[in-house]
Amino acid sequence: MEWHISDAQSLRIIDREIGDHTFSPSEYEIVRRVIYATADFDYLNLIRFSDQALQSGAAALAARSTIVVDVPMVQVGIAPIIQGTFANPVYCSMDAITRPQRERTRAAWGMETLARRYPEAIFVVGQAQTALTALVDLIDAEEIRPALIVGTPAGFLGIDAIEDRLKNSLVPHIQIEGRKGSAVVASAIMGGLVDLSWQAYGRESNGIS
């Protein structure tokens with residue numbers, strides 16, 4: 001991400017208002033990106049990182065692993081920074097060619113189709129709770145083993161149960177606890193992760209010693 005002086009000033013305000021915290025430096029960078037994107041300090045207490053989530057995600061980005069997202073808004077939100085760094089392929093569940101199913105949403109069916117095609121991808125679910133459910137079902141069935149899941153859909157029906165299943169899956173993940181979430185949050189998390197990963201792997205990826 002290219003930063004303007006106003007961005008830096010805003011981040012300094014966020015740092016001052018947050019003060020002391022218990023996040024690692026890398027985790028905090030992502031937390032402050034989410035707060036900057038949403039102007040909502042509640043996310044300081046809502047973002048959850050599993051063990052090795054950032055390390056696994058960074059390694060997958062550097063390896064040019066496929067990224068699968070649930071909705072076009074997330075795809076559009078992360079495409080510029082992906083194209084300017086690791087250039088991973090990014091696919092959207094809504095664009096997957098699937099047969100219609102009355103009992104499944106388009107996002108869920110598309111996510112399931114792409115997950116089976118790219119079982120070790122990075123999956124970003126910013127809006128469709130049904131897409132996150134489809135992923136967790138595939139994980140429980142041991143059909144896929146994602147490098148990372150970013151799960152931030154807003155939800156009212158059973159979202160806590162899905163979050164608990166993801167937490168217990170042992171798959172690296174970053175998720176929002178509770179009902180609050182959005183595609184904007186997912187994009188901000190991925191933007192921060194890509195920037196952090198590029199700092200760690202970018203020179204090597206460009207063949208610079």
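The values are calculated or read from the model by the stated rules, or taken from the named source; none is laboratory data. Just so it is clear, the model here is predicted, and its values are computed rather than measured. Every residue, glycine as well, gets a Cβ built from its backbone with ideal geometry; the counts of neighbours run over all protein chains shown. Note: areas computed on protein heavy atoms with side chains; ligands, DNA, RNA excluded. Shrake-Rupley method; radii C 1.70, N 1.55, O 1.52, S 1.80 Å.
Note on exposure: M94, M190, M73 ranked by accessible area (1.4 Å probe, complete protein assembly) read M73, M94, M190, with the most exposed listed first. Sorting E29, E143 by accessible area puts them as E143, E29; the probe is 1.4 Å, largest comes first, and only protein heavy atoms count. How far is helix 106-117 tilted, in degrees, relative to the longest principal axis of the Cα atoms in the chain, given as a value from 0 to 90 rounded to the nearest 10? Taking Cα atoms only, the helix is inclined about 90 degrees. Accessible area ranking (1.4 Å probe, heavy atoms, ligands and nucleic acids excluded), largest first, for E17, E142: E142, E17.
With bins 5 Å wide beginning at 0, the percent of Cα pairs of region 1-92 falling in each bin runs 2, 11, 18, 20, 23, 16, 8, 1.
With N counted as the residues of the chain, its alpha-carbon radius of gyration over 2.2 N^0.38 Å works out to 0.98. Can you classify region 36-158 as rounded, prolate or oblate using the Cα gyration tensor, where a ≥ b ≥ c are the square roots of its eigenvalues, rounded means a/c under 1.5, and otherwise it's prolate if a/b beats b/c and oblate if not? Rounded, since a/c falls under 1.5.
The charge dipole of the chain, taken about its Cα centre with unit charges on the Cβ of Lys, Arg, Asp and Glu (plus for the first two, minus for the last two), comes to roughly 500 debye.
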